[in-house]
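Below: one structure, written as structure tokens.
The values are calculated or read from the model by the stated rules, or taken from the named source; none is laboratory data. A quick note: this is a predicted structure, and the numbers were derived from the prediction, not measured. Heads up, the Cβs are rebuilt from the backbone with ideal geometry, glycines too, and the neighbour counts pull from every protein chain shown.
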Amino acid sequence: MYRLAILLVCSLTAAVVAAPAPLPKAPPAITAANAKDLRPLHEIPENAWEVVWGPKRGELSLLPWESPAKVLDATTFRRLREVGAKKRLIHLAFGPGGDTLAWCENDARVEVHDLKAKRMMVFETGNSQPQMTFSPDGKLLAWGWNQTIRLWDLPFRREVSRLESSGEVKAVAFEADAARSSSPVDVGRFARGT
């Protein structure tokens, strides 16, 4: 019996080494039908004002009030680094791929950092603590607060649209498939949250 177990283990080990690694199975989409089955994955003992996916795929950033963001591995929740060191961040957004990021502190300015090109742009928004988001292709930046939403074409550094809201704007977002329609001319898929 002992000899048989050793042979079985050796055989399994060889099979595992020879076989290609299986691709991880994507979790099912969350729907109304399976929402009751949701369970916490992990509790993070952090105080977070904002939670943002990124900057890179598989990373999660926690933003405490007026502090740098803490970037975690989204699977293990291990702390990887900080974003905005020595800054007092209020809102944070990452462009696709994580090479561009935008933040605001407790004022009316939005800083956009292109990490690849090592460039920074500063926009005076006219609104305190503006919430911002990038379009799916990363070419547009929207921000809003109070009753105004502004849309900027980043490559040309110019405002392409200003929308006024009858209610207070607390958040801005692009539709998930807006990559096909996020040109400065077509802002029909641009959405606002109130």
Take the residues in segment 31-50 that are among the aliphatic types (A, V, I, L, M) and modelled with pLDDT under 85; name whichever of them is nearest to GLU82 (Cα to Cα).
ILE44
Any residue in segment 139-147 that is surrounded by fewer than 16 Cβ atoms within 10 Å (Cβ to Cβ) and in contact (Cβ under 8 Å) with a residue 24 or more places away in the chain?
no
Determine, yes or no, whether ASP107 is in contact with a strand residue (DSSP E or B) (Cβ under 9 Å, 6 or more places away or on another chain) and surrounded by 13 or more Cβ atoms within 10 Å (Cβ to Cβ).
no
Over segment 90-125, the set of residues out of contact with any Pro (no Cβ under 7 Å at 6 or more places or on another chain), closer than 17 Å to ARG157 by Cα and β-branched (Val, Ile, Thr) is THR100, VAL112, VAL122, THR125
When every residue in segment 51-84 that is of a type in the set (Val, Ile, Thr) and outside any loop (DSSP other than H, G, I, E, B) is compared, the one nearest to the chain's Cα centre (by Cα) is VAL52
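Yes/no matrix, rows are residues, columns are (1) assigned to a strand (DSSP E or B); (2) modelled with pLDDT of 90 or more; (3) not polar (S, T, N, Q):
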{"residue": "LYS86", "(1), (2), (3)": "no, yes, yes"}
{"residue": "LEU89", "(1), (2), (3)": "no, yes, yes"}
{"residue": "ALA93", "(1), (2), (3)": "yes, yes, yes"}
{"residue": "ASP107", "(1), (2), (3)": "no, yes, yes"}
{"residue": "LYS116", "(1), (2), (3)": "no, yes, yes"}
{"residue": "MET121", "(1), (2), (3)": "yes, yes, yes"}
{"residue": "ASN127", "(1), (2), (3)": "no, no, no"}
{"residue": "TRP143", "(1), (2), (3)": "yes, no, yes"}
{"residue": "GLY188", "(1), (2), (3)": "no, no, yes"}
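Residues checked against (1) more than 30 Å from ARG162 (Cα to Cα); (2) surrounded by fewer than 17 Cβ atoms within 10 Å (Cβ to Cβ); (3) touching a Phe, Trp or Tyr at 6+ places or on another chain (Cβ under 9 Å):
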{"site": "TRP49", "(1), (2), (3)": "no, yes, yes"}
{"site": "PRO68", "(1), (2), (3)": "no, no, no"}
{"site": "PHE77", "(1), (2), (3)": "yes, yes, no"}
{"site": "LYS118", "(1), (2), (3)": "no, yes, no"}
Are there any pairs, at least 6 apart or on different chains, whose C-beta atoms fall under 8 Å, with the first in segment 68-80 and at negative phi and the second in a loop (DSSP other than H, G, I, E, B) and modelled with pLDDT under 90, and if so, which?
LYS70/GLU46; LEU72/ILE44
Just to be sure, is VAL172 assigned to a loop (DSSP other than H, G, I, E, B) and at pLDDT below 90?
no
